[in-house]
2 protein chains.
Amino acid sequence: MKISELSRRTGVPVASIKYFLRQGLLPAGRATAATLAEYGDEHVQRLRLIKALTTLGGLSIAATRDVLGAVDQADSSEGALGAISYALPVPVAAQGAAGPEEEAEADESAAAEVAELLATLEWQAPDTSPHVLGLTAALKELRRLDARYGPGELAAYAALAESVARLDLERAVGVEDPVALAERAVIVFAICAPVFELLRRLAQENQVRRRVAGADADSTPPR
Amino acid sequence: MKISELSRRTGVPVASIKYFLRQGLLPAGRATAATLAEYGDEHVQRLRLIKALTTLGGLSIAATRDVLGAVDQADSSEGALGAISYALPVPVAAQGAAGPEEEAEADESAAAEVAELLATLEWQAPDTSPHVLGLTAALKELRRLDARYGPGELAAYAALAESVARLDLERAVGVEDPVALAERAVIVFAICAPVFELLRRLAQENQVRRRVAGADADSTPPR
DNA sequence: GTAACTGGATACTTCAAGTATCCAGCCGCA
DNA sequence: TGCGGCTGGATACTTGAAGTATCCAGTTAC
């Protein structure tokens, strides 16, 4: 099919498709002449995935390119799932240190807290993992805000996270084709995270409602 | 204190502080003369919160303004927690419909699925809640990607979300001062969400590692 | 008194994410 | 064979967010 039909079938404007081609998110079509190329169903599928990642997953174009790159490597290497996980943007950017001395101390103590958590849970992760670094940065900042996690609280969250991750993994098993598996993994990792966040918000809302109603029989819904 | 000291104490450049003042994120200092104003500890605290929300929480300036506005209303109204929850950006933007006919059908069926979930869990939420709308949009898109949740899977996630929300709420109780409570709630809602996401990623990584090791004794770490 | 600093307004910069325009080449149809 | 309308590709332009920088008149500490 030509670009105009690709556009019609996916609802993505032609100019945007060209943009994605330029950015390397979408492989070029099979050129049949100097000014003509043929696109296939795989382009439709890929375009849908791009749309889902950017709109639902909230990924930037650059992050989407990295993630899709990991997907395309997936047929060869076994660590595809890990590569995809690492390609996804970390929700907490580890910023550089500000104060030169007391910073280091806070940094170290947050790192120790993370290390202890990982040891307790018997989770393995390299110290250089972006997730470990992000977690450290977050704990440090929470401490500065006087809102650190109480003892055991972080472990309780981690235990729930493990349950969630188990569900995630279950959704991915049973897919045999490595490329399809990689795509499924991307969807589970990138799109189901916001879904869980929504569920959490709804649950919070409900608990607040229940608590308010229980406290003073005021059944006013939030706002 | 003057603006330069406020800058020194928080590490935020003077120009940025002025920007935040312009954007209404930070209340103006108490003017002592035409070109002089006095800032206090509350400005330091507020600035820290702004930094945490934008860098750790990933909020935009506009979202941060909305959230802080909800915090400032918190001393008066009771539904402060709900207002804050609604002021936070929804991770899934509900996009407008593309195709005029079959879209509506998919939309409806996704909405029905969400309604059923809420009914099963005995969660109450207005149909117009941004969280409900976002969830509907996400389910619709997942269906289009052939990656819908299996029966019961969504409920399983929701049950875990409820446990997480319970932990969230526990972290907020015990704070009496309404303003402090609102600030705590913002931190819990906006910053602990990324933290949980990090924990989930670490857990995923670990499960993948374990699974790979178990499957073929290949202990290669991801990437 | 004057150099350095301040608050406030306005202009400028940078980046991401598209959109729009232009151009030559090609396709189908008369 | 001619030709209007598409096509791929390159390049230029637009928009919005998030700061930065500059300017200016008032103030303050030495």
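The values are calculated or read from the model by the stated rules, or taken from the named source; none is laboratory data. Everything numeric in this text was worked out from a predicted model, so none of it was measured. Note that we place each Cβ from the backbone using ideal geometry, even for glycine, and neighbour counts take in every protein chain shown. Only protein heavy atoms, including side chains, enter the accessible area calculation; ligands, DNA and RNA are left aside. Shrake-Rupley method; radii C 1.70, N 1.55, O 1.52, S 1.80 Å.
Structure values in brief
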read-out	value
Accessible area buried at the B-A interface, both sides summed, 1.4 Å probe (Å², nearest 100)	8400
All lysines inside 24 Å of B:K2 as judged from Cα atoms, apart from same-chain residues fewer than 8 positions distant	B:K18, B:K51
GluC sites (Glu not before Pro) restricted to DSSP loop in region B:144-179 with at most 13 other C-beta within 10 Å	B:E176
Pairwise FRET efficiency - B:S16 versus A:S4, Cβ, R0 = 45 Å, nearest 0.05	0.45
Near-label residues of region A:122-165 by backbone N, under 12 Å of a point 7 Å along Cα→Cβ of B:E170	A:150-160
Computed label-point distance, nm, for sites B:E116 and B:A180 using a 7 Å Cα→Cβ extension	4.7
For the A-to-B rotation axis, chain A residue with nearest beta carbon and its distance in angstrom	A:L160, 3
Cβ-vector label at 7 Å, B:R22, separations to other copies in nm	2.9
Relative contact order for chain A, counting Cα pairs under 8 Å that sit 6 or more residues apart, in percent	18
Position A:R143, label points 7 Å along Cα→Cβ, spacing to each other copy in nm (shortest first, one decimal)	4.8
Two-site label geometry, B:E42 and B:A159: point separation in nm, points 7 Å out along Cα→Cβ	4.7
Per-copy distances of the B:A34 label point, shortest first, in nm (7 angstrom along Cα→Cβ)	7.0
Protein accessible area in the protein assembly as shown, 1.4 Å probe - carbon and sulfur %	53
Phi to ³J(HN,Hα) by Karplus 6.51 cos²θ - 1.76 cosθ + 1.60 over region A:38-53, Hz, x for Gly, Pro	10, 10, x, 4, 5, 6, 4, 4, 5, 5, 4, 5, 4, 4, 5, 5
